[in-house]
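The structure appears right after this line, and notes come after that.
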Amino acid sequence: MRVPPYALLAIAIVAEVIATSAMRASDGFSRLLPSMVVVLGYGVAFYCLSLTLRSIPVGIVYAIWSGAGIVLITLVALVLYRQVPDVPAIVGLGLIVAGVAVLNLFSKMQAHSAPAQAGSIAARNVNRLICSARSSSGLSHSPTPRS
């Protein structure tokens, strides 16, 4: 069963918020259970995030991830730790949400090309840099044969 990319992103965001919330409860990683929740939560979050990046542009993913994450962690902090945001914090959160909305509604970012193609472009660029460095240092472009 293939999980839709935005569902994976939602799972990643929720896992990250759980892990961040547990971090405070871990008391500097001195309490075992909350510490395990932190490690597991971030593991799930980054795994799901990596799968999401296969089909959604990184700029869009990161905007949603950070925007939703900061709003959700603020709500969790309000409920669990009685940390009430003041007016500037609420305005800032509103601006973050507006920014994410603008990116999603009006951005012309396209989905990624095939990962192999992106990797081969990067490999060619690295190869060009190496060849350029070799030629400027007087080394040959061809590798030295091994004996």
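The values are calculated or read from the model by the stated rules, or taken from the named source; none is laboratory data. Computed from a predicted structure; not experimentally measured. Every residue, glycine among them, receives a Cβ derived from its backbone with ideal geometry; neighbour counts consider all protein chains shown.
Summary table below
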read-out	value
Residue list for the range 67-125, restricted to those being modelled with pLDDT of 85 or more and not in a helix (DSSP H, G or I)	R82, Q83, V84, P85, D86
Matching residues in the range 18-54 - criterion: being surrounded by fewer than 17 Cβ atoms within 10 Å (Cβ to Cβ), within 21 Å of the chain's Cα centre (by Cα) and among the polar types (S, T, N, Q)	S50
Selection from the range 7-17 of residues that are surrounded by 14 or more Cβ atoms within 10 Å (Cβ to Cβ) and not charged (D, E, K, R)	L8, L9, A10, I11, A12, I13, V14, A15, V17
The range 87-107, subset under 13 Å from S66 (Cβ atoms) and of a type in the set (A, V, I, L, M, F, W, C), residue surrounded by the fewest Cβ atoms within 10 Å (Cβ to Cβ)	L95
Residue pairs meeting the criteria (Cβ under 8 Å; at least 6 apart or on separate chains; first among the aromatic types (F, W, Y), in the range 20-46; second part of a helix (DSSP H, G or I))	F29/S35; F29/V38; Y42/A15; Y42/E16; Y42/A19; F46/A12
Positions within the range 30-66 being part of a helix (DSSP H, G or I) and of a type in the set (S, T, N, Q), in sequence order	S35, S50, T52, S66
